[in-house]
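Data first, discussion second: the structure below is written as structure tokens.
Every read-out reported here was derived from the displayed coordinates using simple, explicitly stated rules and does not represent laboratory data. These numbers were taken from a predicted model, which means no experiment stands behind them. Here the Cβ is made from the backbone with ideal geometry for all residues, glycine too, and neighbour counts use every protein chain on show.
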Amino acid sequence: MYGYHGRFLKVDLDTHTTEDMPISENIYRKYIGGATLAAHLIYPHVKKGMDPLAPSSPLVFATGPFALTSIPMVSRYAVAGISPLTGWWGEATSGGAFPFKLKGAGYDGIFITGRSDKPVYLFIDKGTAEIRDAASIWGKDTYEVQALLKEELGLTGLGMASIGTAGENMVKTAAIQNDAGRSAGRCGLGALMGSKNLKAVVASGNMRTELAEPTRVTELAKEAHATIKQNFITIAYKEYGTLLYSDMAMTLADVPAKYFTKSVFPVEKVTGQTLRQKYLVENYACAGCPIGCGREVTDLKTGKTVDGPEYETTMAFGPLCMNFDLDSILACNHLCNTHGIDTIAAGVSIAYAMYLYERGAITKEMAGMEIGWGDAEAIVKLVEMIINGEGIGKLLSRGTLAMARELGRDEGEAAQVKGMEFPMHDPRAFHGMAVSYATGPRGACHLKGDYYSVDLGTPVMEYMILPGDRLSSVGKGESAAKYQSFKDLYDSFALCKFSPLTATQLGRIMKAITGWDVTPDEILTTGDRSINLKRAISNKLGLTRDQDKIPKICLEPLKEGSTAGTSPDMDLLLHDYYAYRKWDWETGMPAREKLEELGLSEVGRDLYGS
């Protein structure tokens with residue numbers, strides 16, 4: 001078997017035991033790796049009404065066949081389980097150095113069940129694993145954990161993924177942090193890790209897999225580097241990170257402001273250029289990445305260096321809250337990284353609290369303070385309260401849907417899909433994004449089909465996914481579905497979503513690594529299989545078509561900006577999307593014949609009976 005170790009590490013925290021879990025080559029070929037393979041492994045454990053935080057609820061870390069090869073932008077891993085935040089399928093991805101170390105430790109991933117009777121951490125080194133006592137690091141933040149474990153183990157070159165205070169407290173928006181401020185942020189999987197009393201996963205080693213065509217992999221890696229270097233946004237990413245998009249996004253009305261009720265604001269205060277003018281900014285790159293979109297920011301007054309905020313974080317704690325104080329945005333980002341919180345969920349929940357405060361639904365007495373728009377001090381304080389589960393922070397930590405229900409508000413005010421908060425791309429600005437949000441396997445996600453990039457001029461020629469009128473819904477349902485399948489597979493290879501490689505290049509890379517002839521058509525089919533399997537998991541848990549909708553707050557036409565007076569035609573978009581997917585319009589389930597066509601007959605039997 002090429003490109004894989006052929007095994008996962010199986011961990012039972014009830015009994016504190018580990019064993020090898022062999023994975024056959026046909027399973028790898030069918031599900032590739034990462035989040036898709038995780039869905040296959042988790043599926044048999046899914047039962048309607050199950051508690052995501054129960055000991056039997058699996059938690060899976062998974063790499064892919066690209067990891068630890070010379071192909072650039074592939075130091076990625078996926079973590080998956082039933083989302084504590086939403087109750088549906090949950091997954092998150094992250095980069096850094098940890099993914100290479102996990103693959104280098106001699107396993108393609110880790111399958112974890114049970115709950116330890118005491119805090120523990122998992123140490124994997126060169127094909128062996130130990131469950132170790134974590135009493136000394138329980139209660140420590142994610143940066144302290146890394147420093148203490150490096151000292152305890154006395155090894156260099158370690159990769160670590162850990163939870164902070166939020167995960168220990170099982171906050172439903174808790175993240176899993178790895179390396180220097182990298183975050184598997186969405187779906188609250190840090191809470192699932194915390195529920196198992198698992199503080200950290202530490203990986204060490206350089207056990208590389210055999211490659212089918214090593215010389216060809218080297219050639220394709222050079223070709224990939226050239227493609228990345230020639231890409232028109234690479235230079236901008238190097239210079240400004242993901243904040244390079246801020247100016248254009250505001251012009252396109254793609255940045256939601258004042259809790260999705262505005263699109264015009266002083267964007268010059270929250271751009272990558274402004275960050276560079278106000279602070280000393282250095283690049284940070286994941287292992288093997290030639291771009292380096294991450295930021296390390298040093299305050300010129302205090303000399304303190306922290307992880308710089310990315311676009312999503314800056315807009316969530318910034319314009320969405322009508323806050324244009326960069327110091328407070330950096331503080332919020334660092335708090336979330338230190339204690340393990342999803343910055344998107346936190347920012348959107350705080351903005352919703354401000355929206356409700358303005359309307360009198362949250363009072364000063366309930367909040368313990370005033371929380372008016374743009375109050376930088378209040379925003380930082382609310383992040384601290386979310387992390388610690390204090391006061392109103394306990395409600396905000398559950399997300400906007402729980403807030404709306406608790407306060408008796410119209411759920412259309414809650415900026416979420418399937419219980420997961422909207423990211424910082426407004427669905428009114430790109431109609432293809434609207435249907436991607438509504439149908440995304442984990443909820444409102446800008447990465448499970450970042451269709452805005454298509455309409456900004458990045459086609460996928462192999463599938464004739466072409467740029468069009470961003471404010472038109474016509475023909476977008478099918479294209480968005482195809483693009484969603486294509487980009488979903490990035491989390492299986494695993495590959496950074498910013499990689500500009502084509503489907504044809506990815507097929508060639510797969511052949512050189514694994515020896516399999518993988519065509520662009522097969523890549524799209526495998527992506528379809530991935531989307532449908534994840535959909536079936538949520539269907540088993542009770543998901544129906546009713547959850548495939550955009551809330552009113554994110555759909556009603558705005559009165560300003562370049563999208564003024566326009567809104568996606570969700571009925572048209574969803575009908576076209578469902579027709580392509582062959583999902584039943586009444587139940588929201590994939591058709592049985594579609595599941596059989598994708599090699600998921602056993603899933604069809606589960607959903608429809610024998």
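Protection proxy ranking of 470-481, 254-265, by the mean of other Cβ atoms within 10 Å over each peptide's residues and highest first, is 254-265, 470-481.
Determine which aspartates and glutamates satisfy two conditions relative to LYS47: a Cα distance under 16 Å, and not lying fewer than 8 residues away in the same chain. Cα-Cα hits under 16 Å: GLU602, ASP606. Take each peptide in 560-567, 185-192, count the other Cβ atoms within 10 Å of every residue, and average; sorted highest first, the result is 185-192, 560-567. Neighbours of SER492 by Cβ distance under 15 Å: Lys/Arg scored +1, Asp/Glu scored -1, total +4. Relative contact order of the chain: what whole-number percent is it, with Cα pairs under 8 angstrom and at least 6 residues apart? Over the chain, the number comes to 16 percent. Taking LYS126 as the anchor, which lysines have their alpha carbon closer than 20 Å to its alpha carbon, excluding any fewer than eight residues away along the same chain? The reachable lysines, counting only those whose Cα sits under 20 Å from LYS126, are LYS10, LYS101, LYS103, LYS150.
Pairs over the 25 Å Cα-Cα cut-off, from the set LYS48/LYS549; LYS448/LYS476; LYS476/LYS549; LYS30/LYS534; LYS196/LYS381; LYS238/LYS497: LYS196/LYS381. Remark on TRP583: its backbone amide H falls under 5 Å from those of ALA591, a criterion applied only to residues 5 or more positions apart or on other chains, H modelled at 1.01 Å from N. Taking Cα centre as origin and charging only the Cβ of basic (Lys, Arg, +1) and acidic (Asp, Glu, -1) residues, the dipole magnitude of the range 215-408 rounds to 220 debye.
Overall, the chain carries a charge dipole of about 420 debye about its Cα centre when +1 sits on the Cβ of Lys and Arg and -1 on the Cβ of Asp and Glu, all other atoms neutral.
Mean separation of Cα pairs under 8 Å and 6 or more residues apart, divided by the residue count, gives the range 430-608 a relative contact order of 25 percent. By the beta-carbon count within 10 Å of each Cβ, the least crowded to most crowded order of TRP138, TRP585, TRP88, fewest first, is TRP585, TRP138, TRP88. Among 36-44, 94-102, the peptide with the highest mean count of other Cβ atoms within 10 Å heads the list, and the full ranking is 94-102, 36-44. Checking (1) 3, 13, 19, 21, 18, 12, 8, 5, 2, 0; (2) 3, 18, 30, 30, 16, 3, 0; (3) 3, 16, 26, 26, 17, 7, 3, 1, 1, 0, 0 against P(r) over Cα pairs in 10 Å bins from 0, in percent calculated from these atoms, the matching label is (2). Each Lys or Arg adds one and each Asp or Glu subtracts one; over the other residues with Cβ under 15 Å from the Cβ of LYS364, this totals -3. Entry note, the range 362-443: relative contact order of 16 percent, from Cα contacts under 8 Å with a spacing of 6+ residues.
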